[in-house]
Amino acid sequence: MKIALAQINPLVGDLVGNAQLILEACKQAQEGQVSLLVFPEMALWGYPAQDLLFEPELLAKADELMSEALAPQVKNAVIVGSTYRDCNDRLFNAAYCLQAGRIEKIVCKSCLPNYEIFNESRYFKAASSNQDRLWAVNGQKIGVFICEDLLGAETDFHQYDQNPLAELLAAGQQPDALVCLAASPYRRGQQAIRANILQEASRQAGAVPVLFANQVGANDQLIFDGHSGVYKPQGCCVSAPSFQEALLLVDLDASVSSTSIKAETQEVLEALVLGIKDYFRKAGFQRAILGVSGGIDSAVVASLAVRALGSENVLGVMIPSAYTSSESELYFERLVLALGIESKTISLEGMLAAWHTSTGMQTLTLAEENAQSRLRGLVLMSLANDQNALVLACGNKSEFSLGYSTLYGDMCGAIAPIGDLLKTEVYELARLLPEIPQEIIARAPSAELRPDQLDTDSLPPYAELDRDLGDYFTQRKALPAKLAQTFARSEFKRQQAPIILKVSKNAFGKGWQQPILRGKLDNLSPSAKSPEASDESNL
């Protein structure tokens, strides 16, 4: 039996456009004489649809498209994800089994994730795990599952009172193959985790093949890697390319291939490029603007932007002050030349002088440092307005963790592409970007907001800081007292940050739920003092 997995990139809420994507893939599959075509979870809606699922008109439109536009045009067997409302108007996350122009079967999701970035119980009713999941296609019994119904094994189904595959097998229902419709977001290491789960599901079901169809593309903060494929106990037989759309033809009788998972930093690079590309495309913008300082962070963001949007659509802006070194201006010129992007230099001196005159404030103060950053933000946002562009923020996770950033200044932007990378991880990524001059990678980091300033004047060395932050994010190991205080005090900034592209389990943003106002940590001594530049008078 010829089977295909449709790894599509839907736009959330674009029901008509997504239906067209589905129909185009169906046409290709029919031309290729495919007997079964499988789409990702919620393919008609795009995932996550969030509170769009509360809109009655959209729910009605989804029902209409499924029954009147999709099902009638399907000849061979197709499984596609969408919403289903029962007679009691309860909403389910569902897999529609279509064949011969009609809806033959609907299987609903049993295990609704409610952790990290997931909040499915807000929208959906959990289906019974003992529902009939088997669908006959060409004499083969296909077991139909939706994402967490199989992938919930990552946490041993600890938050659910059911294990759908175990219950199917316990009931004596033996499938010939399993299908898993998914919208499983990317994070470091996730592909290996999924592979292990799907291989184990195949083993439990008697070594039958597991067909995994995963969404690809970026929706707001989330990036979906796709990596759809066929799994058996020994490993992956065939997989679709990561981070791009594909129609993958599969052979259930194929043996396990040598399919390998890419190096982690390479995966992160491809994920961030897709995150930028899809954000701009789906938001209807082509052009990006960013402040380029001659430092590592802006160099990496500029390089990512060029890969995502093309050099002709990126503007790098240098906004020097009296504190900007000649090396920074030189490295800026070298970078824009290597990237082939348009550049502009706009002096900060006149604006800063006017700020001093109008406010009466002095030089070399924290207020002046922040004013420089905010004036730069004003310049970038003004250029964006003038050129119908979006600003990219260049902050990293180490800076966001300790508030080493300025509200309405360097935090300006639509998205922060490297906001989920610790500073040391930014350096790792930079080493995969040959266009970045080595002098930029080698130089000591500095915000250059006062004479001879270095980041280490206010922060621990990044190797030490990132070790502590890494232990906290991955193991919830307590931070040293001074860092813990500064980390907690910086929460109000993080909640006003631009959208941060998520590539780890603990990204700031949608899945990060912390109070701004909170009690002091018990282990802090009264004399504990936070890093100077992170204080910013809470601004």
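The values are calculated or read from the model by the stated rules, or taken from the named source; none is laboratory data. Just so it is clear, the structure is predicted and the values come from calculations on it, not from any experiment. Here the Cβ is made from the backbone with ideal geometry for all residues, glycine too, and neighbour counts use every protein chain on show. Each accessible area value is taken on the protein alone, full model and side chains, heavy atoms only, with ligands, DNA and RNA left out. Shrake-Rupley method; radii C 1.70, N 1.55, O 1.52, S 1.80 Å.
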| Which number in (1) buried (at least 18 other Cβ atoms within 10 Å of the Cβ); (2) small (Gly, Ala, Ser); (3) out of contact with any helix residue (DSSP H, G or I) (no Cβ under 7 Å at 6 or more places or on another chain) marks the one condition that ALA444 misses? | (1)
| query | In segment 173-222, which residues are closer than 16 Å to SER239 by Cα and of a type in the set (Lys, Arg)? | reply | ARG194
| said: Pairs please, first residue from segment 35-64 and on the phi < 0 side of the Ramachandran plot, second anywhere and of a type in the set (A, V, I, L, M, F, W, C) and open to solvent by 50 Å² or more (accessible area, probe 1.4 Å), Cβ atoms under 7 Å, 6+ apart in sequence or on different chains. | reply: SER35/MET1; LEU36/MET1; LEU58/LEU52
| message | Could you go through segment 444-463 and let me know if any residue there is among the acidic types (Asp, Glu) and without any contact (Cβ under 8 Å) to a residue 12 or more places away in the chain. | response | yes
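What do you reckon, is SER328 within 20 Å of the chain's Cα centre (by Cα) and either open to solvent by 50 Å² or more (accessible area, probe 1.4 Å) or of a type in the set (Ser, Thr, Tyr) (or both)? Outline the logic, then answer.
On the way: within 20 Å of the chain's Cα centre (by Cα): no; either open to solvent by 50 Å² or more (accessible area, probe 1.4 Å) or of a type in the set (Ser, Thr, Tyr) (or both): yes.
No, not satisfied.
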| said: Cβ contacts < 8 Å: first residue free of Cβ contacts under 8 Å to residues at least 60 places away in the same chain, restricted to segment 1-13; second residue of a type outside the set (Val, Ile, Thr) and part of a loop (DSSP other than H, G, I, E, B), any location; separation 6+ or different chain. Result? | reply: GLY13/TRP45; GLY13/GLY46; GLY13/ALA49
| Every pair of residues 6+ apart whose Cβ atoms lie under 9 Å, when the first sits in segment 71-90 and is closer than 21 Å to ASN9 by Cα and small (Gly, Ala, Ser) while the second is assigned to a helix (DSSP H, G or I) and open to solvent by 10 Å² or more (accessible area, probe 1.4 Å) | SER82/ASP63; SER82/LEU65
| query | Any idea which residue in segment 477-517 is nearest to the chain's Cα centre (by Cα), counting only those that are basic (Lys, Arg), open to solvent by less than 70 Å² (accessible area, probe 1.4 Å) and under 11 Å from GLY403 (Cβ atoms)? | reply | ARG494
| If you go through segment 114-138, how many residues are over 23 Å from PHE54 (Cα atoms) and either over 30 Å from the mean Cα position of the chain (by Cα) or charged (D, E, K, R) (or both)? | 9
| remark: Of the residues in segment 377-392, those that are open to solvent by less than 50 Å² (accessible area, probe 1.4 Å) and either touching a helix residue (DSSP H, G or I) at 6+ places or on another chain (Cβ under 9 Å) or farther than 28 Å from ILE500 by Cβ (or both) come to VAL379, ALA389, LEU390, VAL391, LEU392
| said: So, GLY152, is that one at pLDDT below 95 and either more than 22 Å from SER228 (Cβ to Cβ) or out of contact with any Ser or Thr (no Cβ under 7 Å at 6 or more places or on another chain) (or both) or not? | reply: yes
| task | Considering each residue of segment 275-309, count those that are over 20 Å from SER382 (Cα atoms) and open to solvent by 20 Å² or more (accessible area, probe 1.4 Å), and give that number. | result | 7
| request: Filter segment 146-184 for residues that are surrounded by fewer than 16 Cβ atoms within 10 Å (Cβ to Cβ) and more than 30 Å from the chain's Cα centre (by Cα) and give the result. | output: ALA166, ALA170, ALA171, GLY172, GLN173, GLN174
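May I ask you to verify whether ASN76 is of a type in the set (S, T, N, Q) and more than 19 Å from ALA183 (Cα to Cα)?
Numbers: of a type in the set (S, T, N, Q): yes; more than 19 Å from ALA183 (Cα to Cα): yes.
Taking the combined requirement at face value, the residue satisfies it.
Can you find a residue that is of a type in the set (S, T, N, Q) and in contact with a Gly (Cβ under 8 Å, 6 or more places away or on another chain) anywhere in segment 280-289?
Going through segment 280-289, the residues of a type in the set (S, T, N, Q) turn out to be 286.
Restricting the remaining residues to those that are in contact with a Gly (Cβ under 8 Å, 6 or more places away or on another chain) gives none.
Scanning segment 280-289, I find no residue that is of a type in the set (S, T, N, Q) and in contact with a Gly (Cβ under 8 Å, 6 or more places away or on another chain), so the answer is no.
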